[in-house]
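Peer 1: Sending over a structure as C-alpha cells; questions will come in a sec.
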Amino acid sequence: MRKLTLLLLSFASLLAAVAFAEDKLGPPLPQFGKWSIVERPGERIHLQRLDGGWLSLHRGNTTLGRAGREKDAYLGVVREQADGAGRVWFVRITAIANNTLRAEIRDGWDSTSVRVETWVPESGDTALFAGLLAPASASSGDRDPAFGEYVYVEELPEALYKVAPTYPEDARRAGIDGTVLVQALIGKDGHVKDTRVTKSIPILDEAAVQAVRQWVFVPAKLKGKPVAVWVGVPVKFSLK
C-alpha cells in the first residue's frame, strides 16, 4: 500500500512538472498569416511557418519561395512563377509597427536597386509572425536614413495634406494611365525631403513625384519623438 501511495505521488509530481513545462512554453508559434501589399492594391501575400524556422511565401495558390531566420529578419529567395521559369528575386522581411512587415526585394544580395513593399496585416496569426522579428533600432543621431535603410518606428507616418497629380497631356492623348509608386522620405517635420520612383510609368513619373513632394504628413514616431523614415506612396492616374 505504501509503495502504491509513493507511486501515485510520483506520478502526480510528474504530471505537475509536465504541466509547468508546457505553461512555460508560452503561446504556440504562428502557422499562417495574410497581409495586403500597400504598393500593389488588391494583391496579398501569405506566410506559412514550416519546420526548422523557415517561412513559405505564397500569393494566392502560388508558392513564391522560402525565407529563413537571420537575426532580426527573414532572408529568402522567391520566383515570379511557380514553375521555376520566372525571374529570381532576393527578399528581406523585417517588422515595422502594428504587425506590419517591410519587404526589401532585390535582384541580388549586393544589388543597389531595391523595391520596398509594405505588408499590412489582414488575417491569421499576423501579430505572432511580426513578434518573431525583433525590431531594429531607429537611425542614430540626426542623420536621415538612406534609401532602403530600415528604421523601426512605433507609429507610421499619416498623410495630413495630399496633392493630386496633374495629368500630363501627352499621356492623356496617348490613353496612358496606371499607378506610379513613389518612395518618399518623410522628415521629422512631416515634409517630404527626398523621393525615388520604384514602380515606373515613364511618361507619368515626373507628375507623380511633383505631387508627392507637396504632401504633408504627421511624422513617424518612436517613444513619442518624430523619426525620419521612407514610406511608399502609390499615385494613381485614371482616364475615367
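The values are calculated or read from the model by the stated rules, or taken from the named source; none is laboratory data. Just so it is clear, the structure is predicted and the values come from calculations on it, not from any experiment. Every residue, glycine among them, receives a Cβ derived from its backbone with ideal geometry; neighbour counts consider all protein chains shown.
Peer 1: Would it be correct to say that Val163 is exposed (fewer than 15 other Cβ atoms within 10 Å of the Cβ) and within 29 Å of Leu222 (Cα to Cα)?
Peer 2: Yes; evaluated as a whole, the condition is true for this residue.
Peer 1: While we're on this one: What's the total number of residues in segment 45-77 that are within 13 Å of Phe129 (Cβ to Cβ) and of a type in the set (Val, Ile, Thr)?
Peer 2: Counting residues in segment 45-77 that are within 13 Å of Phe129 (Cβ to Cβ) and of a type in the set (Val, Ile, Thr) gives 1.
Peer 1: Out of all the residues in segment 41-56, which are surrounded by 16 or more Cβ atoms within 10 Å (Cβ to Cβ) and farther than 16 Å from Ala73 by Cβ?
Peer 2: Arg44, His46, Gln48, Ser56 - these are the residues of segment 41-56 that are surrounded by 16 or more Cβ atoms within 10 Å (Cβ to Cβ) and farther than 16 Å from Ala73 by Cβ.
Peer 1: Inspect all residues belonging to segment 198-214 and state whether any of them is small (Gly, Ala, Ser) and loosely packed, with under 14 Cβ neighbours inside 10 Å.
Peer 2: yes
Peer 1: In segment 213-240, how many residues are within 22 Å of Arg102 (Cα to Cα) and without any contact (Cβ under 8 Å) to a residue 40 or more places away in the chain?
Peer 2: Selection size over segment 213-240: 3.
Peer 1: While we're on this one: Does Thr112 fit the bill of being at pLDDT below 70, surrounded by fewer than 16 Cβ atoms within 10 Å (Cβ to Cβ), closer than 24 Å to Val180 by Cα and β-branched (Val, Ile, Thr)? So that I can check it myself, show each step before the final result.
Peer 2: Details: at pLDDT below 70: yes; surrounded by fewer than 16 Cβ atoms within 10 Å (Cβ to Cβ): yes; closer than 24 Å to Val180 by Cα: yes; β-branched (Val, Ile, Thr): yes.
Taking the combined requirement at face value, the residue satisfies it.
Peer 1: Would you confirm, using the coordinates I've provided, whether Gly232 is among the small types (Gly, Ala, Ser) and modelled with pLDDT of 90 or more?
Peer 2: When the stated conditions are applied, Gly232 does not pass them.
Peer 1: In this structure, is Arg69 basic (Lys, Arg), at pLDDT below 85 and in a strand (DSSP E or B)?
Peer 2: Here the answer is yes, as Arg69 does meet what is asked.
Peer 1: Taking into account only those residues within segment 74-97 that are crowded, with 20+ Cβ neighbours inside 10 Å and small (Gly, Ala, Ser), which is modelled with the lowest pLDDT?
Peer 2: The qualifying residue modelled with the lowest pLDDT is Ala95.
Peer 1: Another one. Just name the residue that is nearest to Lys223 (Cα to Cα) out of those in segment 166-186 that are touching a residue at least 40 places away in the same chain (Cβ under 8 Å) and surrounded by fewer than 18 Cβ atoms within 10 Å (Cβ to Cβ).
Peer 2: In this case the residue turns out to be Thr179.
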